[in-house]
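So the structure is just underneath, and the comments pick up after that.
The values are calculated or read from the model by the stated rules, or taken from the named source; none is laboratory data. Here the structure is a predicted model, which is why all the values come from computation and not from measurement. Neighbour counts are summed over all protein chains in view; Cβ atoms, including those assigned to glycine, are modelled from backbone coordinates with ideal geometry.
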Amino acid sequence: MDFSQLFLYIPGVVLFIYGTGVFRKTHIKKSEFFSGKVTKCKFHDKKVKGDKVTEPYYEVFAEFDNGKYVEKVSNTLKNEYIVGQQVLVCKTPNGSVIADHKDDYLFNPIATTLGGVILILLAFFQNEGNTGFAMISLSAFLLGSGILLIYRYFMRTKRDLVTIKATVVDVYKRQISKKTKILKGEKFTYYPIVEYELNGQKCMRKCSENASSSKEYKVGNDFVLYFDKNSGAIYEDKIKTTLLIIGVLLTVIGALAMSSSVWGILNAKI
C-alpha cells in the first residue's frame, strides 16, 4: 500500500476515536446518577501575573440525596447555574461530580462512531480499487448524516424556549497563536461575557459564541439568550432552519448516490 493511501483512513479514525471517547464519558450506569439542586454559584475571572486573563469559570455548589443522607458537592465548571436549578450528579471512584451542562450533541456518540467506521470502510474499499462498495460507503455516510440532521432539527423544535435579554459586561480574550516565522502577528479569539436576569437573580455567562475581532463585542451591547423551561438549559441561539435544509440535501444526495451505486453493482454482475 502506498503511504499516501493511509491518509484516507485519518477522517474515519478521528471520528471513531472521538465518538468512543464521548460515549465513555456520557454513558454511566444508572445507579451512579443522582438528581441534585444548585445552592450557590460564583463567577470567577482568573488572573495571573501581568494581568493576563485565563479562562473564566463558575464555582458551583449543589446538594443531593444519595439514598442515605443529603450530600453536598461542588465543582468548577464552564457554565453558569442559578440557585435551585436541577443538575445531574455522578458518583465516581474519586467522589461525587456535578455534570457540566453542554448543548446536546449534533451527532450522538454512537452515530459518530458508526460514521467513523463507515469512513474507514470507504478508505479500505477505495484503496482496494473496489469503486462500487466505496461509493456505497460514501452514500451511506451522506444518507445517515442527513437523516440524523433532520431528526435533530425536529427534536430541537420541541424545546420550550423563552427569550432572555442580556448585556455584554466584559470580553474575554484568548490567544490562539503566537507570532512565528510563518505566522505574522499574534492571533486572538474574543468571547462576550454577558449579564442577565433569571427568576429574579442576576447571572453571568461566558458565551461560546466568539469572533476574531475585538470590535465584534462592545461592553453595553445587547445580547440574546434562550432559556429552555423544560430542561433549565440556556442556549445562545434558536433552532436554525439551515440544519433542516442541509439534512434534506444530504439525505437526497445520499439516497440518489446509494441507488446509483447499487444499480451499478447489480448491472455489473448481470
Legend entry - Test: residue in region 176-199 that is closer than 26 Å to Gly36 by Cα, under 18 Å from the mean Cα position of the chain (by Cα) and in a loop (DSSP other than H, G, I, E, B): no
Inset, instruction - Tell me which residues, restricted to region 113-155, are among the charged types (D, E, K, R) and either surrounded by fewer than 18 Cβ atoms within 10 Å (Cβ to Cβ) or in contact with a helix residue (DSSP H, G or I) (Cβ under 6 Å, 6 or more places away or on another chain) (or both). - result: Glu128
Inset, instruction - Output yes when any residue across region 136-155 is out of contact with any Gly (no Cβ under 6 Å at 6 or more places or on another chain), at pLDDT below 90 and of a type in the set (Gly, Ala, Ser), and no when none is. - result: no
Inset, instruction - Scan region 235-252 for residues that are surrounded by fewer than 16 Cβ atoms within 10 Å (Cβ to Cβ) and among the β-branched types (Val, Ile, Thr) and jot them down. - result: Thr241, Thr242, Ile245, Val248, Val252
Inset, instruction - May I ask you to list the residues in region 117-165 that are among the small types (Gly, Ala, Ser) and over 19 Å from Gly264 (Cα atoms)? - result: Ala123, Gly144, Ser145, Gly146
Legend entry - Answer residue from region 232-259, given it is among the small types (Gly, Ala, Ser) and at pLDDT 90 or above and is farthest from Gly132 (Cα to Cα) among those: Gly247
Inset, instruction - Quickly run through region 220-237 and pick out the residues that are at negative phi and touching a Ser or Thr at 6+ places or on another chain (Cβ under 9 Å). - result: Asn221, Asp222, Phe223, Val224, Leu225, Tyr226, Phe227, Glu236
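For (1) surrounded by 13 or more Cβ atoms within 10 Å (Cβ to Cβ); (2) within 19 Å of Tyr81 (Cβ to Cβ); (3) modelled with pLDDT of 85 or more, each residue gets a yes or a no:
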residue: Ile164; (1), (2), (3): yes, yes, yes
residue: Val169; (1), (2), (3): yes, yes, yes
residue: Lys178; (1), (2), (3): no, no, no
residue: Thr189; (1), (2), (3): yes, no, yes
residue: Ala211; (1), (2), (3): yes, no, yes
residue: Ser214; (1), (2), (3): no, no, no
residue: Phe223; (1), (2), (3): yes, yes, yes
